[in-house]
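To start, the structure itself, in structure tokens.
The values are calculated or read from the model by the stated rules, or taken from the named source; none is laboratory data. Worth saying up front: this structure is predicted, and the values here are computed from it rather than measured. Backbone-built Cβ (ideal geometry, glycine too); neighbour counts: all protein chains shown. Accessible surface areas use protein heavy atoms only, side chains included; no ligands, DNA or RNA. Shrake-Rupley method; radii C 1.70, N 1.55, O 1.52, S 1.80 Å.
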Amino acid sequence: MIFVGVDGGTSHMESVVIDASGAVLGRGRGGPSNHPLGGGMHPRVGDHLVSAIGEALAAARLTASDVTAVSLNLSGRREELTIAHARAWLAPLGLTPTCQIEVSEDHLSAWAAAGFPDPAIWVLLGTHWGSG
């Protein structure tokens, strides 16, 4: 099983690909998830997600069809953080229809403030705790 997690904020987003044992297989980086001047999600959030996840998958030498679940933890308006929006943003990747997607507000800021900024931990929490 292969899991992808994304931590998205105002400056950029970071993605990580891990396997079921928690081993980090690849990392990627993309643009911001929310607009720096407020007002909700960045107009190009989908492009930024595809870029960050694509880079992490390439580093792991995997494709979107290998992904079991995706956990998105993004800054932005709560009402825009829906599974429907996430599926639309991620559609260009070509994830399989059985790939589980979980999306929530960016809770990683508190995690990072505690000195544990690696999004790989959040992937495990997101895919085993909050996903459908």
*Hey, any hits in region 31-44 for a residue that's open to solvent by 40 Å² or more (accessible area, probe 1.4 Å), more than 17 Å from TRP89 (Cα to Cα) and modelled with pLDDT of 90 or more?*
no
*Go through (1) within 12 Å of the chain's Cα centre (by Cα); (2) among the aliphatic types (A, V, I, L, M); (3) assigned to a helix (DSSP H, G or I) and name the single condition ALA58 misses.*
(1)
*Which one of SER21, SER51 is open to solvent by 10 Å² or more (accessible area, probe 1.4 Å), polar (S, T, N, Q) and either part of a loop (DSSP other than H, G, I, E, B) or over 21 Å from GLY94 (Cα atoms) (or both)?*
SER21
*Among the residues of region 54-75, how many are over 22 Å from GLY9 (Cα atoms), of a type in the set (S, T, N, Q) and either modelled with pLDDT under 95 or open to solvent by less than 60 Å² (accessible area, probe 1.4 Å) (or both)?*
1
*Of the conditions (1) farther than 24 Å from ARG44 by Cα; (2) at pLDDT below 85; (3) in contact with a strand residue (DSSP E or B) (Cβ under 8 Å, 6 or more places away or on another chain); (4) not basic (Lys, Arg), ALA114 fails just one. Which one is it?*
(3)
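Can you confirm whether region 77-93 contains a residue that is at positive phi and open to solvent by 20 Å² or more (accessible area, probe 1.4 Å)?
Scanning region 77-93, I find no residue that is at positive phi and open to solvent by 20 Å² or more (accessible area, probe 1.4 Å), so the answer is no.
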